[in-house]
DNA sequence: CGCCAATGGCCTGAGTTCAGACCAATTTCC
DNA sequence: GGAAATTGGTCTGAACTCAGGCCATTGGCG
């Protein structure tokens, strides 16, 4: 037996705690973050990204490096760029339609990451919902939450529904007011997005999911933390059950 | 009003989602991780770190970079190094004794990070405990858990108790089997450690904390996820109450 | 004693990233 | 129409990081 990261018997604390330091290649990390933000619908099709200088500052990266990332996104067909005042970089990526194609074909390591994401999600998303429900939301935030919910239920095509769903979950996380929660949920949703693209869309599932979203929003607006958490847990469990079948 | 990361009124999803890419100094990140691991007692005083080549591989960093980090740790007096077979780098840092000194003197940004860590902790540590209790622990892992608990209760001096406490919480997290949980708890414990060094030690607090630890271990060994989570939530709430007073 | 293995110490050449300045295109506003 | 502002495009020298090889020191083993 080689030194696997998590042997069944013994628990190697140092090995568990020390994780790879950030991958060298800042520009890859930028591509990753921006691609995720675009695919999750944080920047919907047609919207304009912030100017390069602002984005570079936000990502704490030099403009040269950010531009490399932009070039990659451009080459991959996610964005297009126009120069001059009023120009900028606009999102052109059409949201992908979920399909059952790339079902298997994942490495064991990938599979493990997926399962881990599902477990972690069941912790952080309900936790974030609990926090958000505890917070005293202003009228503007209540509106944003309801709009995010409306976007999900209004989405007709599966691809749009998928993006709106991600946006909804990210919105709930952001309402918690915790940067760490947002980071965790973003990461989890990115992985989830991958998985959900690989399963067929069933109207029944969507309807069920939408009911849970609505129920969650009611709990959030009513300021009922425990109820919000329970609803979100159920929601995560239901989605996870769907997905675990996929990777089994 | 400037564009603050989290305005009270509006919620800027892109701003919340896009976070700084890795601080571009791999060697700083290494120093950070190793220093945290040492201070939290993952590598106790007197223990030997893995060989440079192994550590470099684990952190996914070149040996040259790792050595820069080692030099920094050596200069800071955390470790000492001996060459040759049977040599290596040993931890020399004496655990710091908590004291009420550096109470205030924290920037508003730091304060916000601290409070965020407390909120995030209340989500991930109970969640990790829930997961760990759900897992079917082997005899070896049960032993490790009980040993970690014994180490905490046996620690006489405050500095040792502080380290043993960190190790205990990291052990529980690691037992969850989720890499993401371990990462989150490690990060949270690092911040917590800072805060706890700045408050005076009260025997009553320690006794109370130890009782909660014991209660948690019972729930974990009995395989009662909900109970484990509730106990851990109470534990986090109690610590947080103590600490929030400090930074108020 | 002499060899071998393990470990830290050091060097080189190539690739990345950075900060900042300057150029070019395009829109907005007078 | 023209000036100004905004935005992407480009360049340069310095600093950081990497991969890999080689050297130096120490302890174990035959």
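No value in this document is a laboratory result; all are computed from the given coordinates. Just so it is clear, the model here is predicted, and its values are computed rather than measured. Every residue, glycine as well, gets a Cβ built from its backbone with ideal geometry; the counts of neighbours run over all protein chains shown.
Each stretch of four or more DSSP H residues adds -39500 (n - 2.57); spread over every residue of chain A, this sum gives -21500 deg cm²/dmol at 222 nm. Each of A:162, B:180 was scored by other Cβ atoms within 10 Å of its Cβ. Arranged with the fewest first, they read B:180, A:162. With label points defined 7 Å past Cα in the direction of Cβ, position residue A:80 shows copy-to-copy spacings of 6.7 nm, given to one decimal and shortest first. Counting, for every residue in A:176-188, the Cβ atoms of other protein chains within 10 Å of its Cβ and taking the mean gives 6. Taking every residue in A:113-123 and counting other chain Cβ atoms within 10 Å of its Cβ, the average works out to 5.
Label point of residue A:110 (7 Å along Cα→beta-carbon): distances to the other copies' equivalent points are 4.5 nm, sorted ascending. If you look at the Cα atoms of segment A:108-247, you get an Rg and a Dmax of 14.2, 46 Å. For q = 0.08, 0.12 Å⁻¹, what log10 I(q)/I(0) does chain B give under the Debye formula with an equal point scatterer on each alpha carbon and no solvent? Debye output, listed in q order: -0.35, -0.80.
Residue-normalised convex hull volume from the C-alpha trace of the protein assembly as shown: 166 Å³ per residue.
P(r) for segment A:141-197, from all Cα pairs and a bin width of 10 Å, is 25, 49, 25, 1 %, short bins first. When the Kirkwood radius is taken over all Cα pairs of segment B:117-164, what Stokes-Einstein diffusion coefficient follows at 37 °C and 0.692 mPa s, in µm²/s? The Stokes-Einstein estimate is 263 µm²/s. Annotation: the residues B:199, B:123, sorted from fewest to most other C-beta atoms within 10 Å of their own C-beta, follow the order B:199, B:123. A point 7 Å from Cα along Cα→Cβ stands in for residue B:154, and the other copies hold the same point at 6.4 nm, listed in rising order.
The relative contact order of chain A comes to 23 percent, based on Cα pairs under 8 Å that sit 6 or more residues apart. Let me know the Kirkwood hydrodynamic radius for segment A:26-91, please, with Cα pairs as the basis and the value in Å to one decimal. Computed over Cα pairs of segment A:26-91, the Kirkwood hydrodynamic radius comes out at 11.7 Å.
Relative contact order for segment A:108-247: 41 percent, from Cα pairs under 8 Å spaced at least 6 residues apart, divided by residue count.
Taking other C-beta atoms within 10 Å as the exposure proxy, B:185, B:247 rank B:247, B:185 from fewest upward. Legend: mean number of C-beta atoms from other chains within 10 angstrom of residue C-beta atoms, peptide B:137-145, equals 3. Contact order, relative form, for segment A:26-91: 41 percent (alpha carbon pairs under 8 Å, 6 or more residues apart, mean separation divided by residue count).
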